[in-house]
1. Of all the residues that make up region 25-50, how many are in a helix (DSSP H, G or I) and under 12 Å from the mean Cα position of the chain (by Cα)?
2. Within region 60-175, which strands (runs of 3 or more DSSP E) (wholly inside it) include 1 or more residues that are free of Cβ contacts under 8 Å to residues at least 40 places away in the same chain?
3. Among the residues of region 107-124, is there at least one that is farther than 15 Å from residue 69 by Cβ and at pLDDT below 95?
4. For residues that are surrounded by fewer than 17 Cβ atoms within 10 Å (Cβ to Cβ) and touching a helix residue (DSSP H, G or I) at 6+ places or on another chain (Cβ under 6 Å), tally how many sit in region 29-59.
5. Out of (1) modelled with pLDDT of 95 or more; (2) surrounded by fewer than 18 Cβ atoms within 10 Å (Cβ to Cβ); (3) closer than 14 Å to residue 16 by Cβ, what's the single condition that is false for residue 142?
6. Give just the number: which of (1) at pLDDT 95 or above; (2) closer than 26 Å to residue 123 by Cβ does residue 80 not satisfy?
């Protein structure tokens, strides 16, 4: 089972990204779950989502405590939360950042999801839409296929800029 913990802020699209990722995994013929964890938070407050992907049925619906991948949509969260808590020894960190970020002891990838969203004028309530470009980056990592990422995004969002954003992130993420 491949387990992911996604750290975001309310309004960034982290919860929706988790659902679209699970949908894309389903389109790839896998089993997947997406579960958010938040209370009565407001826009901008830290939110955590958990995603599990497997070839067999998933019967665990709790928080992901030992993820294979940690995703950070807002690097400032790393000042508030230990995003690497429980991350497996060979775990990977994916951070939305215009600059390389090093997370000691872990393979770390960065991609500027914010710039991608802003370049396509994908803004909602003053915030760049980060969920669909993130799905493209995850596809580049091989967790889901590019084709399923495109289908899941197109099936969820009618605005074709969302697929374009995912494809840009797919191209920009350096593995």
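The values are calculated or read from the model by the stated rules, or taken from the named source; none is laboratory data. This one's a predicted model, so the numbers in the text were calculated from it and none came from an experiment. Backbone-built Cβ (ideal geometry, glycine too); neighbour counts: all protein chains shown.
1. Within region 25-50, residues that are in a helix (DSSP H, G or I) and under 12 Å from the mean Cα position of the chain (by Cα) number 0.
2. By residue number, 92-96, 107-111.
3. yes
4. Qualifying residue count, region 29-59: 1.
5. Unmet condition: (3).
6. Only one criterion in (1) at pLDDT 95 or above; (2) closer than 26 Å to residue 123 by Cβ is unmet by residue 80, namely (1).
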